[in-house]
Amino acid sequence: MRILVIEDEKKVAEFIGNGLAEEGYAVDAAHDGEQGYFLASTSEYDVILLDVMLPKIDGITLCTKLRAEDCQTPILMLTAKDAVKDKVRGLDAGADDYVTKPFAFEELLARIRSLLRKKYLHQGTRFQVDDLVLDTATHTVTRAGAVIPLSVKEYALLEYLMGNAGSVVTRAMISEHVWDINFDTFTNVIDVYISYLRNKIDKGQKTRLIHTVRGRGYVLKS
């Protein structure tokens, strides 16, 4: 999943970005409200992490502006302010959740997973298609009960495919959600990773789950 981190403290943004990348998320970062607004308005994200105290456009104003423009992306606000009235302002501005600095990174991950579950409307922490199961809480993938080891990027790609099971996803959609803003869309990297997944998921199985839709993209279905 692709996440936008809007945080003016570059060390904090780097810490969050590195931690999320290790968990398989694609991450873009903005260090002021104007840059954050531009990225949020021109690219598709699965979650936005938004600091309240930002230069140029503050987080509350930015959140209000995005919601007024019908941005439906889940927004998790980050702030050093812990007064109830500040949390209320953030939630009233349209934020979906609120984390006070300093925070435990494990809590941040849990809140992101919670927002993603609500967005993709799957129950609990599990995606399942046929006998293929992906658990977002433990980052484990099994097929017919056998554990399938995946790299971070393979896992991220499979999670996106399973989150959209039954629907065709284009290469552009995959690049927007699984890779960051620096991804070169002219490479065949996506096809390579689809091939990696097929070798691990479908090879030797009676039922293929990952299908190519010629001229459109890919679909994961039974």
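Of everything in the range 164-179, what is assigned to a helix (DSSP H, G or I) and under 11 Å from the mean Cα position of the chain (by Cα)? Give them in sequence order.
176, 177, 178, listed by residue number.
Here is a list of conditions, (1) exposed (fewer than 15 other Cβ atoms within 10 Å of the Cβ); (2) touching a residue at least 12 places away in the same chain (Cβ under 8 Å); (3) closer than 15 Å to residue 96 by Cβ, and residue 72 meets all of them except one; can you say which number that is?
(2)
Is the range 150-164 home to any residue that is at positive phi and either in contact with a helix residue (DSSP H, G or I) (Cβ under 8 Å, 6 or more places away or on another chain) or of a type outside the set (A, V, I, L, M) (or both)? Give the steps one after another, and end with the answer.
Just the residues of the range 150-164 that are at positive phi, to begin with: none.
No - not one qualifying residue is present in the range 150-164.
Could you tell me which of the residues 91, 115, 197, 109 is in contact with an Asp or Glu (Cβ under 7 Å, 6 or more places away or on another chain), over 17 Å from residue 23 (Cα atoms) and assigned to a helix (DSSP H, G or I)?
Of 91, 115, 197, 109, the one residue that is in contact with an Asp or Glu (Cβ under 7 Å, 6 or more places away or on another chain), over 17 Å from residue 23 (Cα atoms) and assigned to a helix (DSSP H, G or I) is 197.
Touching a residue at least 40 places away in the same chain (Cβ under 8 Å), not assigned by TED's automatic domain parsing to the domain that holds residue 213 and not in a loop (DSSP other than H, G, I, E, B): does that describe residue 161? It would help to see each step written out before you state the result.
Numbers: touching a residue at least 40 places away in the same chain (Cβ under 8 Å): yes; not assigned by TED's automatic domain parsing to the domain that holds residue 213: no; not in a loop (DSSP other than H, G, I, E, B): yes.
The answer is no for residue 161.
Determine whether residue 66 is in contact with a Gly (Cβ under 9 Å, 6 or more places away or on another chain) and in contact (Cβ under 8 Å) with a residue 60 or more places away in the chain. Lay out the reasoning, then the answer.
Details: in contact with a Gly (Cβ under 9 Å, 6 or more places away or on another chain): yes; in contact (Cβ under 8 Å) with a residue 60 or more places away in the chain: no.
When the stated conditions are applied, residue 66 does not pass them.
The values are calculated or read from the model by the stated rules, or taken from the named source; none is laboratory data. In this text the structure is predicted, and so the values were computed from the model without any measurement. Ideal geometry is used to build each Cβ from the backbone, glycine not excepted, and the neighbour counts take in all protein chains shown.
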